[in-house]
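Just below is one structure, and these are the notes that go with it.
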Amino acid sequence: MISCEFEYCKPDSLPALMQILTMYPEATLLAGGHALLPAMKSREIRPERLVDLAAIPELRGIRRGSDAIQIGAMVTTAEVEHSSLLKEALPLLPDAAKVISDPLIRNRATIGGSLAQAEPSGDWPAIALAVGAIIHLTGVNGERAVPIDDFFQIETTPAGNGLAVGRRTVVARSEVITHVSIPLVQGEVRRSYLKRMHPASGFALIGVAVALRLDQDRRCDWCRIAITGAASAAFRALKAERCLVGTAISGEIIREASMLAGEENVEFIGDPFGSSAYRRQMLPVYLRRALSTAIESALV
Amino acid sequence: MAADDVHAVTSLRARPDAAMPAGPDDAGQFGRPARRREDLHHLLGRGRFTDDIVASGEDALHLTILRSPHAHARIRRIDVARAKAMPGVIEVLTGADLTQNVGPLRANWIWPRMPLPEHRALSEKVARYVGEGVALVVATDRYIAADALEAIDIDYEVLAAVTDPYRAAQAGASVVHPELDGASIRGNVLQHVPVRAGNYAAARRKADVIVTQRLRNQNLVPGAMEPRSVHASYDMTTDVVTIHLSSQAPHIMKRMLAQVLNVDEHRLRVIAPDVGGGFGAKLHLYPEDVLVTAMAFRLKRAVKWTSTRTEDFLSTNHGRDHVQEVEICATRDGTITGLKATIWGNLGAYVSGMGPGIPAVNCGMILTGVYRIPNLHVDTNLMLTNTSRVDTYRGAGRPEATYLIETMVDRVARRLGLDPVEVRRRNFIPPSAFPYTIASHAFCYDSGDYPKNLDKALEIVGYASQRAKQERLRKRGRYLGIGLATYTEFTGIGNGNLLAMFGFDYGGWEYGRVLVHPTGTVEIHTGSADQGQGHATSYVQIVCDVLEIPAGQCSVVEGDTGRVEFGLGTFNSRSMAVGGAALHEAARRLLAKAKRMAAHALGVTADDIVYAKGIFSVRREMSPFAQGSRVLRRGTRDLVGKVYRHLLGVQPVQVGAGRDKISWEEVARLAHFLTTYPNGLEPGLDERVFHRPKDFVFPFGTYAAVVEVDVETGDVDVRRLVAVDDCGRIINPLLARGQVHGGAAQGLGQALLEQSLYTDDGRPRAANWMGYAFPRALHMPYIEAEHTVTPTDRNALGVKGIGESGSICTPPAIVNAVLDALSPLGVTHLDMPLLPEQVLSAISTARRERSRSVDAIGSGAVAT
């Protein structure tokens, strides 16, 4: 629990950060630090240079645009939890934030950090998938926007510095997530996030995020379902989505869609608190319950 | 119905305390819910823990330890040259460097004739568990020291390892201490301890039912919030090393360190400052305590070591880890007639302080719990394995014993189709039977009223209506379970003679001292050592109850061998029953002396003094003789005074003459500055007591859990947890409840969440809080903690221990509730922790077996 020696700097603007990354492309970015610092203390990773993102104003703030919400990468989970803007415009996010670990962690953990880290059991990856977020990146070579569906990548070869960044996402070296934008879908959209919290880590042992739109005939005409905690990266339950879209929602169709989610072609992960078989078994149960919650709330 | 349940729970959570706790100034009476005087400094961040200690005038050197990554490995070669050469590195030593000056660590509970595997502070030739120290570095800071560890070249030859106590006993298991094998022990069985009573074989022959089960009390991590820490500083003027240590027993540590390091005990002072949780794991001597102290002597500098969280998982003692094979015999009406058990209790790779006594005595000799069971056949095997040492952890043997008997009683009830309440009642030791010597003959219970206590728990939980609700819900496919456990345990060590016969070297007393300063403030000294219990608050209540002065006038000194000369420490829920009794006696003696001082000053005899609320006054209804004698004394004193004044021109101190009242403060001053003292009295008010209890005291209680099991996910939802403890008279109900809450949390952790697992090659699967599930606030149900009060006559306060009940009785209550919930599905056994996946798999296994047996019956019917 005693890290190796490292250089530390704390730029106060995005251009300043880019300067640093130009000079030191191997630098490691520090957001909330909940993944990075424990790994450094146990010397699993030994970055030579840490760049603290805490003082960069461009990475902060939650804003509402005409058709999307923008959330800065350094916005903490606690800020999401307590944001009145989000409570009104996209309550799924504050609701999900409430079940992320504990208040101390929520006070430090950032949404950008969680997405960049892309832990297999992280909560934000699934939620970002369900709401169809766009990830905005800035690098020394310019800016780009990556749809969340293209953001995660499952790679087994570790990056040179041993960090997960660049390994599990498309974020390149010398690139930073500046913000996330979430398109506001018109119509009667219902969302829910149902999570079984890992009793030790606070991550999702399994987490199911659903967003679906019902037309006036209770027919689902748009749907996104994302799963975390089950595989080495969050993924969309496309079979279940296809099953739901275009159908009138009923108990049977929810059950059918849920069963289909269990048949997704992913390799399930496991640990002593839930083997891969158990997580596979739980996925349809959790999806069914998450969908039922979303639908019931639509009917209220 | 579900909505109702939720409301019930919500309203319980929101329920304000029945009696608001009194503020600090109202404290000082036995039985009042005084708020903790310790809290303020913790809440303000002013606590001072060992890692906060700074020796005067110098920064401590940092010691770090190279730990074996293997559970069992021979050290082929170790080369420290590169590490030694690093800038900032002061010292690098291996086991071989220390053998001359540092003796092996001793245990405190060594079974008669039991061999003791040699335990060196650094292992020289073979590492026997992951985390065992093989070299140390002392450097100018922690980072350099950690870097230097990586520069030590070491070659291991990895050997086969065994971490499970049952597997360690099987033929072909790798042997942890081959040097003992065949000579003084067989294989890994360090000692076999049999207990026999009555005629078990006959009981078995006559039994209507015999129920057998293999049980497991998993390996647990105590996990104090404050990891272990040692800071030793050398004073060149006095040649004394002062050791700050996160410890439950600073005086014992001083004695042990003096022995291991072969230094005079007066050259050591051990201070346990604020201690952030101990739970039994900070009770014993550790290699790091020895190494840091040895380095302070050697380098004549301040040296410190603070465990990292991972080191704490690897190197701090674990708890429990028993495998038990049990057989219980009963007659048709539910009378339990015999109990047979074979226990394999893990001690780890070496013997820790009380390690052997936990399975052998604390569990194996009190298996019969609250029941009259005349025939016993118990074999306890003390097992060596390649894990860190296993020793006292909150409950220390009694949770294992209680789990065994309480889950087996439920099995008997289920087998016979009887209500578990009735089976318990039928077998209880009746209130009229106390004092009661149990079949093992190891313990004589002092007092108890088990039926009354059980009834109270049943009433609070609403047993009959819960059963009715269970019936209703089952019809709707929901599985509610009601689980009971009734316990007794022994607290307040306790009868040193008896303990010594079992090889326990602590003795059984506790030291207490009450002294009064000349200004009237009171200082309370105790040999116990607080780890967050709130000792100071309770001790002040005990002393102020006798002295009738405001609590604010008292202070407590604890955990410092330089200020409190003697002590044994805090363990076995003994601080109030033994430490408190010592202080109570000291306070009484002190008040008696103060009365004599007051009487002397007021010119009466002590018998004519009435004391109340800080005022000594002359009894109104004095006898004519006493009145006459007072006049005479007053006259004599006046005369003496006049003579002095006349001859010498001085005035003797004559405070009380001519008055009827004198205050506590005046007596305190007179006690130090009187010219003459009553016959035979020395100046001062200072009483010291070594209180030696007659015997243990035996708290008891009933825990009732109501759970609902989600049969689709395996989740166990604890709806109610009722704890009705009987710890005799209650000094502070608020603190007593706090103890129950903390114990229940750890009990719930054992029942539902926690286990230290090992890979096949002996490595712990989790060595941090991300992989080991301690219960958090969100896991806890509302705990309904209540009491019955059955005093004991074994101490003057009538108190028994309450520190461990929650961790003793919560696991069987919850496990019984879950098995009760799932009994319609045919689930008859689950091992702790009841993780959802295990629950679910037990349900599907039971369903499969049931459908198979239904098929078999069906096909059988066709065949006939």
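B:TYR677 meets all of the listed conditions (1) surrounded by 19 or more Cβ atoms within 10 Å (Cβ to Cβ); (2) farther than 30 Å from B:ARG476 by Cα; (3) in contact with a Pro (Cβ under 8 Å, 6 or more places away or on another chain) but one, namely (1).
Counting only residues that are touching a residue at least 40 places away in the same chain (Cβ under 8 Å) and either of a type in the set (D, E, K, R) or farther than 20 Å from B:LEU116 by Cβ (or both), segment B:180-200 holds 7 of them.
Conditions tested, residue by residue: (1) within 14 Å of chain B (Cβ to nearest Cβ); (2) open to solvent by 60 Å² or more (accessible area, probe 1.4 Å); (3) farther than 26 Å from A:PHE203 by Cα; (4) modelled with pLDDT of 95 or more.
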{"residue": "A:ILE2", "(1), (2), (3), (4)": "yes, no, no, no"}
{"residue": "A:LEU14", "(1), (2), (3), (4)": "no, no, yes, yes"}
{"residue": "A:GLN19", "(1), (2), (3), (4)": "no, yes, yes, yes"}
{"residue": "A:GLU26", "(1), (2), (3), (4)": "no, yes, yes, no"}
{"residue": "A:ALA31", "(1), (2), (3), (4)": "no, no, no, yes"}
{"residue": "A:LYS41", "(1), (2), (3), (4)": "yes, yes, no, no"}
{"residue": "A:GLU44", "(1), (2), (3), (4)": "yes, yes, no, no"}
{"residue": "A:LEU53", "(1), (2), (3), (4)": "no, no, no, yes"}
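Look at segment B:762-789: where a residue is within 14 Å of another protein chain (Cβ to nearest Cβ) and a partner is in a loop (DSSP other than H, G, I, E, B) and open to solvent by 60 Å² or more (accessible area, probe 1.4 Å), sitting 6+ places away or on another chain with Cβ atoms under 8 Å, you get B:ARG763/B:PRO69; B:GLY771/B:ARG765. Quick one: in segment A:193-224, of everything that is under 17 Å from A:SER250 (Cα atoms) and surrounded by 22 or more Cβ atoms within 10 Å (Cβ to Cβ), which residue is nearest to the other protein chains (Cβ to nearest Cβ)? Among those that are under 17 Å from A:SER250 (Cα atoms) and surrounded by 22 or more Cβ atoms within 10 Å (Cβ to Cβ), it is A:VAL210. Within segment B:471-492, the set of residues being more than 16 Å from B:ALA817 (Cβ to Cβ) and open to solvent by 10 Å² or more (accessible area, probe 1.4 Å) comprises B:ARG472, B:LYS475, B:ARG476, B:GLY477.
Can we say A:ILE254 is open to solvent by less than 30 Å² (accessible area, probe 1.4 Å), of a type in the set (Val, Ile, Thr) and either out of contact with any Leu (no Cβ under 6 Å at 6 or more places or on another chain) or within 14 Å of another protein chain (Cβ to nearest Cβ) (or both)? It would help to see each step written out before you state the result.
Details: open to solvent by less than 30 Å² (accessible area, probe 1.4 Å): yes; of a type in the set (Val, Ile, Thr): yes; either out of contact with any Leu (no Cβ under 6 Å at 6 or more places or on another chain) or within 14 Å of another protein chain (Cβ to nearest Cβ) (or both): no.
No, not satisfied.
Exactly one residue among A:ILE105, A:ILE100, A:ILE69, A:ILE127 is part of a loop (DSSP other than H, G, I, E, B) and touching a residue at least 24 places away in the same chain (Cβ under 8 Å), and that residue is A:ILE100. Against the conditions (1) within 14 Å of chain B (Cβ to nearest Cβ); (2) under 23 Å from A:GLN153 (Cα atoms); (3) hydrophobic (A, V, I, L, M, F, W, C), A:PHE273 satisfies every one except (2).
Scanning segment B:692-706 for residues that are modelled with pLDDT of 95 or more and either touching a Leu at 6+ places or on another chain (Cβ under 6 Å) or open to solvent by 10 Å² or more (accessible area, probe 1.4 Å) (or both) turns up B:THR702, B:ALA704, B:ALA705. Of all the numbered requirements in (1) touching a Phe, Trp or Tyr at 6+ places or on another chain (Cβ under 9 Å); (2) within 14 Å of chain A (Cβ to nearest Cβ), B:ASP715 misses one, and that requirement is (1). What about B:THR335, is it farther than 30 Å from B:ILE243 by Cβ and either at pLDDT below 95 or in contact with a Gly (Cβ under 6 Å, 6 or more places away or on another chain) (or both)? Spelling it out, it is not the case that B:THR335 is farther than 30 Å from B:ILE243 by Cβ and either at pLDDT below 95 or in contact with a Gly (Cβ under 6 Å, 6 or more places away or on another chain) (or both).
Yes or no, residue by residue, for (1) more than 35 Å from the chain's Cα centre (by Cα); (2) surrounded by 23 or more Cβ atoms within 10 Å (Cβ to Cβ); (3) more than 29 Å from B:ALA160 (Cα to Cα); (4) assigned by TED's automatic domain parsing to the domain that holds B:THR759:
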| residue | (1), (2), (3), (4) |
| --- | --- |
| B:LYS84 | yes, no, yes, no |
| B:GLY95 | no, no, no, no |
| B:TRP111 | no, no, no, no |
| B:ARG128 | no, yes, no, no |
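Here the condition is being open to solvent by 10 Å² or more (accessible area, probe 1.4 Å) and out of contact with any His (no Cβ under 7 Å at 6 or more places or on another chain); of B:LEU299, B:LEU382, B:LEU339, B:LEU347, it holds for B:LEU299 alone.
Remark: pairs (first residue in segment B:439-454, farther than 23 Å from B:LEU484 by Cβ; second residue buried (at least 22 other Cβ atoms within 10 Å of the Cβ) and among the hydroxyl-bearing types (Ser, Thr, Tyr); Cβ separation under 9 Å; 6+ apart in sequence or on different chains) = B:SER440/B:THR368; B:ASP446/B:THR792. Residues that are within 14 Å of chain A (Cβ to nearest Cβ) number at least 1 in the following helices (runs of 4 or more DSSP H) confined to segment B:68-163: B:142-150.
Which one is nearest to B:SER229 (Cα to Cα) among residues in segment B:296-318 that are part of a helix (DSSP H, G or I) and away from chain A (no Cβ under 14 Å)? Step through it out loud before you land on a result.
Within segment B:296-318, the first condition is being part of a helix (DSSP H, G or I), and the residues that meet it are B:296-299, B:309-315.
With away from chain A (no Cβ under 14 Å) added as a condition, the list becomes B:296-299.
Numbers: B:ALA296: 15, B:PHE297: 18, B:ARG298: 19, B:LEU299: 19 Å.
It comes out as B:ALA296.
The residues of segment B:768-789 that are open to solvent by 20 Å² or more (accessible area, probe 1.4 Å) and part of a loop (DSSP other than H, G, I, E, B), listed by number, are B:ASN768, B:TRP769, B:MET770, B:GLY771, B:PRO775, B:ARG776, B:MET780, B:TYR782, B:VAL789. Are any of the residues in segment A:74-97 touching a His at 6+ places or on another chain (Cβ under 9 Å) and under 25 Å from A:PHE268 (Cβ atoms)? No, because not a single residue in segment A:74-97 is touching a His at 6+ places or on another chain (Cβ under 9 Å) and under 25 Å from A:PHE268 (Cβ atoms).
Confirm whether B:VAL409 is closer than 30 Å to B:HIS377 by Cα and buried (at least 21 other Cβ atoms within 10 Å of the Cβ). Criteria met by B:VAL409.
Comparison of A:ALA248, A:ALA294, A:ALA290, A:ALA234 shows that the only residue that is more than 14 Å from every other protein chain (Cβ to nearest Cβ), in contact (Cβ under 8 Å) with a residue 12 or more places away in the chain and open to solvent by less than 10 Å² (accessible area, probe 1.4 Å) is A:ALA294.
Entry remark, segment B:712-741: residues being surrounded by fewer than 20 Cβ atoms within 10 Å (Cβ to Cβ) and touching a Gly at 6+ places or on another chain (Cβ under 8 Å) number 4 in total. The test for being within 27 Å of the chain's Cα centre (by Cα), part of a helix (DSSP H, G or I) and touching a residue at least 40 places away in the same chain (Cβ under 8 Å) does not hold for B:ALA821.
Within segment B:633-656, identify whether any single residue is at pLDDT 95 or above and open to solvent by 50 Å² or more (accessible area, probe 1.4 Å), and answer yes or no. It would help to see each step written out before you state the result.
Step one: filter segment B:633-656 for residues at pLDDT 95 or above, giving none.
Scanning segment B:633-656, I find no residue that is at pLDDT 95 or above and open to solvent by 50 Å² or more (accessible area, probe 1.4 Å), so the answer is no.
Test B:VAL290 against the stated conditions and say whether it is in a strand (DSSP E or B), of a type in the set (Val, Ile, Thr) and either touching a residue at least 24 places away in the same chain (Cβ under 8 Å) or surrounded by fewer than 24 Cβ atoms within 10 Å (Cβ to Cβ) (or both). Can you show your working first?
Details: in a strand (DSSP E or B): no; of a type in the set (Val, Ile, Thr): yes; either touching a residue at least 24 places away in the same chain (Cβ under 8 Å) or surrounded by fewer than 24 Cβ atoms within 10 Å (Cβ to Cβ) (or both): yes.
Considered against the rule, which asks whether it is in a strand (DSSP E or B), of a type in the set (Val, Ile, Thr) and either touching a residue at least 24 places away in the same chain (Cβ under 8 Å) or surrounded by fewer than 24 Cβ atoms within 10 Å (Cβ to Cβ) (or both), B:VAL290 comes out as no.
Would you check if there is a residue in segment B:809-817 being aliphatic (A, V, I, L, M), in a loop (DSSP other than H, G, I, E, B) and surrounded by 22 or more Cβ atoms within 10 Å (Cβ to Cβ)?
Taking segment B:809-817 first, the residues aliphatic (A, V, I, L, M) are B:813-815, B:817.
The next check asks that each one be in a loop (DSSP other than H, G, I, E, B); those that pass are none.
Looking for residues that are aliphatic (A, V, I, L, M), in a loop (DSSP other than H, G, I, E, B) and surrounded by 22 or more Cβ atoms within 10 Å (Cβ to Cβ), one finds none in segment B:809-817, hence no.
The values are calculated or read from the model by the stated rules, or taken from the named source; none is laboratory data. Predicted model, so just to flag it, every value in this text is computed and none were measured. Ideal geometry is used to build each Cβ from the backbone, glycine not excepted, and the neighbour counts take in all protein chains shown. Just so you know, the surface numbers come from the protein's heavy atoms only, side chains and all, with ligands and any DNA or RNA stripped out. Shrake-Rupley method; radii C 1.70, N 1.55, O 1.52, S 1.80 Å.
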